[in-house]
Amino acid sequence: MKNYFVLFLLYLMINNLSYSQSDTTAPITPRNVQAFGYERHIDFVWWDNEEPDLAGYKIYRKINNQWYYWTTVPKEKSYLMLSNLGMNYTLTLKVSAIDLSGNESALSDSVVATTHIMSDEEFLDMTQRATFRYFWDYAHPVSGLARERLGSGETVTIGGSGFGVMALLVGAERGFKSRDLVAKRILKILNFLVNQADRFHGAFPHWMNGSTGQVIPFSQYDDGGDLVETAFLIQGLLAARQYFDGQDSAETQIRNLITQIWQQVEWNWYRRYSASNILYWHWSPNYGWQMNHQILGPNECMIVYLLAIASPTYPMPASSFRYGWASQPYYVNGRTFYGYKIYVGWDYGGPLFFSHYSFLGFDPRNKKDMFCNYFVNNRNITLIHKAYCTANPNGWTGYNENCWGLTASDDPTGYRVHEPTNDNGTISPTAALSSMPYTPNESIEVLKHFYRNYYTGLWGEYGFKDAFNPTQNWFANSYLAIDQGPIIVMIENHRSGLLWNKFMANPEIQPMLDAIGFVPDSTTSIEDENIDLTDFELYQNYPNPFNPTTKISWQSPVSSWQTLKVYDILGREVATLVDEYKEAGRYEIEFNSVETRRDVSLPSSIYFYQLRLGNFTETKKMILMK
């Protein structure tokens, strides 16, 4: 810290040359100073000072009733994270602001924080607050857009910036920054997008230079418009258009600029052929349609068709949802894995970002199309991931019921799309944490497990790092905008529905859903299933391990349709023991590993038995040992 302060003083001396030596006006004292004690670290935070000659902040610590200068924080950061602390560790802190002329503000009021055992709500606050920093403190200084990843320098990401805009709304709503500060940041982003950013028939590129707005090619032929990245951006901007509903100049400008950007996207031009129902991902002024990448489901791109159909200026026909997006024979699945049905999607569900990106703003609750209720579908896919990692058929270290979630992320070999059918032992925190609206109870347990058991390798100043592989004892040092954004956004959709509510409130959305054929559905959310489960019980089979028979018993306090099935370690159904309506009561049934659905004797292995009573589902593990 001493060496850093010496360098900081040299920085002030050099920069003083460009400022008047008569400047004696000190910055204002930092506002909204707070400290938060967690289990392993303490966050010391404040709102940004806005002086143009701001140099940084000085932190003071109270020791034995005396205040001492402790360290200096550069102006780009408005926080200090104090890590690897023991339990019941207390800090008392103050902060001041300093400018390039060496003037120092008065000290803030003191704040106190102590590390302690945290509640679930504190875990969610902690994760959102840290993740928010990626999009606030680490945003590109010129454009305000989200850097593609930690260390990407000038490279900003358009899709990740759409996620980042929604993260900024969470920051304003949660008081991480003031509404006025966030509005100014959003205006900075919008003015850059309107006045400097390259556009191609209204679409933005995948990457661009955060200072100049010029496209940075994503690959050889991908140096033009990227309709998918643009859709992710527009999804975030439309949520912001509804959030900033004030009548002052700044919020009025925000709405007007967002409307301008939204209405300039030529969605129907990206169909390539005038009569086509299919949209194309890329177009380049240098290579035309060379990429030739059709946007076809199922994957992360549903929002592209929803926005294209909703467009007030360049709309696609509503039929393009059915005959473009959902046109392929593999769109509908219908198979069951680990007892959970996939209505739409790939076997085992694919990587979990498929269930996140299009649903950061688009609310899948309360509705269904001709194929499914996408909330139920996404929940089932998430539970399949949990069941797969719990079964752990490849024997990876660390996998269990509280350590699961596979998606695209960094890994020991570079960057890879992880899913149950392409799994190398790498867990990506964004996978389970961004599934919070679908599996709130399961996801919060994952969050706590990550923090409590992998803190040293997995937690940093921007929250959970991108990925880790316990088998190889590997932890990423990276953060990616497209992985961080869904964490803070989907936690908020679980907590308050903020981004869902704002995006869906746009006047173009409901007519689009009506035109496609979405209708109300009685399954609205996970809350429909939050009944008292105290008296429901699935007991451990006995004996366990067993050969060749074992007994399974359960208790139900209500009459309901009941199913009890057995699955192998790959999630394939091997036996249906019960599938009928039963009265309330306690039941027991014998499972014979010789008499199975396949009519063959099962080999020694781990098996799972799953009970379903109405909305109650529970799965337990048993071992057949011959």
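Observations on the structure shown:
- For the peptides 286-297, 52-63, the ranking by mean Cβ contacts within 10 Å, running from highest to lowest, is 52-63, 286-297.
- Alpha-carbon Debye profile of region 129-212, log10 I(q)/I(0) at 0.12, 0.19 Å⁻¹: -0.31, -0.77
- Surface composition of the chain: carbon plus sulfur atoms hold 49% of the accessible area, using a 1.4 angstrom probe and ignoring ligands, DNA and RNA.
- Whole-Å distance, taken between Cα centres, linking region 440-474 and region 488-505: 23 Å
- Shape category assigned to region 253-393 from the gyration tensor of Cα positions, a/c cut at 1.5: prolate
- Rounded tilt (10° steps) of 2-16 against the dominant C-alpha axis of the chain: 50 degrees
- Nearest 10 degrees, 0 to 90: helix 158-174 Cα axis against the chain principal axis: 80 degrees
- Projected-area mean, the chain, by convex hull of Cα positions, square nanometres: 31.8 nm²
- Among the trypsin sites (Lys or Arg not before Pro) in region 552-619, those placed in a DSSP loop whose Cβ has at most 15 other Cβ atoms within 10 Å are Arg572, Arg597, Arg598.
- FRET efficiency estimate (nearest 0.05) - Cβ-Cβ, His293 to Ser249, R0 45 angstrom: 0.60
- Unit charges on C-beta of K, R, D, E only; dipole of region 212-338, Debye: 500 debye
- Over all other residues within a Cβ to Cβ distance under 10 Å of Thr92, the charged ones net out to +3, with Lys and Arg as +1 and Asp and Glu as -1.
- Taking a point 7 Å from the Cα of Thr397 along the Cα-to-Cβ direction, the residues of region 456-471 with backbone N closer than 20 Å to it are 456-459, 465-471.
- Cut-off 11 Å between beta-carbons: net charge of the residues surrounding Glu76, Lys and Arg +1, Asp and Glu -1: +1
- Surface accessible to a 1.4 Å probe, per residue, for the residues of the chain, Å²: 39 Å²
- Each part gets one Cα centre, and for region 340-398 versus region 272-309 those centres are 24 Å apart.
- Among 312-321, 375-384, the order from most to least packed when residues are scored by Cβ within 10 Å on average: 375-384, 312-321
- Put simply, when 179-192, 459-472 are sorted by average Cβ atoms within 10 angstrom per residue, most first, you get 459-472, 179-192.
- Axis angle, to the nearest 10 degrees, between helix 374-391 and the longest C-alpha principal axis of the chain: 80 degrees.
- Student exercise, the chain dipole from Lys, Arg, Asp, Glu Cβ charges, in Debye to nearest 20: 460 debye
- Label positions at Thr114 and Thr90, each projected 7 Å from the Cα along the C-beta direction, are separated by 0.5 nm.
- Which listed pairs, of Lys94/Lys177; Lys367/Lys620; Lys341/Lys368; Lys58/Lys465, have C-alpha distances above 24 Å, in listed order: Lys367/Lys620; Lys58/Lys465
- Restricting region 76-150 to GluC sites (Glu not before Pro) in coil, as DSSP defines it, with at most 16 other Cβ within 10 Å: Glu76
The values are calculated or read from the model by the stated rules, or taken from the named source; none is laboratory data. Predicted, not measured: the structure shown is a model, and the values here were computed from it. Methodologically, a virtual Cβ is constructed for each residue, glycine included, from the backbone with ideal geometry; neighbour enumeration extends over all protein chains shown. Please note that ligands, DNA and RNA were not included when accessible areas were found on the heavy atoms of the full protein model with its side chains. Shrake-Rupley method; radii C 1.70, N 1.55, O 1.52, S 1.80 Å.
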